[in-house]
Amino acid sequence: MCTYNGAPYLERQLDSIARQTRSPYELILCDDGSTDETLPLVESFAEKVTFPVRIFRNESNLGSTKNFEKAIGICGGDLIALADQDDEWYPQKLDRMHRLFEELPEALVAFSDAEIMDDDSALVGRRLWRSIYFSPTKRVPYVGKEILSALFRLDYIATGATMAFRSEFRGQFTPIPSAWPHDAWISWIAALRGGLAALPVATIAYRVHTQQQIGVPPPTFTDRVATARKNGFFFRLFADRLRSLQAYLEAHREDTQLAEFIPDIAAKTRHLDGKASLEGSFFHRARWILLSWREYQRYARGPIAMLYDAVFVRGN
């Protein structure tokens, strides 16, 4: 777990970890310079639980990605589960993840669905996967090429707060580039290696509030339109991230399992660059979009993305 001024919600998250039906081997907590009551809360929690709680205070602020990288490197167990400071785990989360890795030896990383809750811990009737347009093909834990296909279309499908992975895998994804959210980078590397597993149940209540770093797409059409008008910036941002992923693949070109995806990553990057540069009249944008329909099938949400980009997106 990584913390930074997380006192308002932290106690509920810690209590949910203590209530797990499979007790954690340890809790590694890296604090990134909190000035609120975060550390006293953690220290009090450590005195009450039966498993070790190891607390590390960063001398300087590392930011979320590098703080998680540090915490991951310290963990001593065979499986590592990531925890945000503001969510709540359901009691069987760790047990479900443990059984998944026993049943799927090919799995390197697993992620699950989540129920969305508000500031007051009230469920709002939305699921995380549906909010990001990810639809699993099975109702049981599975690893399959369709998960990688979904990742190419949706960019992000695995939220770190629901994620667990084999400890021996961390050497394949570290160091994590600073420009990437830690969970997105981990999921891409696992998927390209054929080891990203989906667990189609909600294992946590995922809190959506104004102070969180990433969150989920807004629920109303009006809000999504407003977000779409800013997508030019986000397309360019993710294209830059994919360039660093391509550099990683190039550096591991001797690994044929990874090298085969270099052309796909390059093609998706070009597609995002093109979307980020859309400008001019509606008919000018629509012409480029129609000529790119094959890329929209492979690297975006098909006709839905084409319509959104034609009507709402502006390049920058």
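Annotations for the structure displayed:
- Residue match in the range 23-33 (condition: touching a strand residue (DSSP E or B) at 6+ places or on another chain (Cβ under 8 Å), loosely packed, with under 15 Cβ neighbours inside 10 Å and touching a residue at least 40 places away in the same chain (Cβ under 8 Å)): yes
- Hey, residue 14 without any contact (Cβ under 8 Å) to a residue 40 or more places away in the chain, of a type in the set (A, V, I, L, M, F, W, C) and surrounded by 15 or more Cβ atoms within 10 Å (Cβ to Cβ) or not: yes
- Filter result for the condition that a residue is β-branched (Val, Ile, Thr) and surrounded by 14 or more Cβ atoms within 10 Å (Cβ to Cβ), over 304, 289: 289
- Of the residues making up the range 62-78, not one is surrounded by 19 or more Cβ atoms within 10 Å (Cβ to Cβ) and either in a strand (DSSP E or B) or over 21 Å from the mean Cα position of the chain (by Cα) (or both).
- Flag if residue 152 is within 12 Å of residue 110 (Cα to Cα) and surrounded by 15 or more Cβ atoms within 10 Å (Cβ to Cβ): no
- Residue within the range 166-183 that is surrounded by 20 or more Cβ atoms within 10 Å (Cβ to Cβ), farther than 18 Å from residue 66 by Cβ and among the β-branched types (Val, Ile, Thr) present: no
- Of the set (1) surrounded by 18 or more Cβ atoms within 10 Å (Cβ to Cβ); (2) touching a Ser or Thr at 6+ places or on another chain (Cβ under 9 Å), all apply to residue 298 but (1).
- Hits in the range 50-61 - residues which are farther than 22 Å from residue 167 by Cα and in a loop (DSSP other than H, G, I, E, B): 50, 58, 59, 60, 61
- Enumeration of residues in the range 161-211 that are within 12 Å of the chain's Cα centre (by Cα) and either of a type in the set (Asp, Glu) or closer than 23 Å to residue 122 by Cα (or both): 161, 162, 163, 183
- Of all the residues in the range 240-280, those that are among the charged types (D, E, K, R) and assigned to a helix (DSSP H, G or I) number 9.
Here, each number is a calculation from the coordinates, and none is a lab measurement. These figures come from a predicted structure and were not determined experimentally. Reconstructed Cβ throughout: ideal geometry from the backbone, glycine too, with neighbour counts over all protein chains shown.
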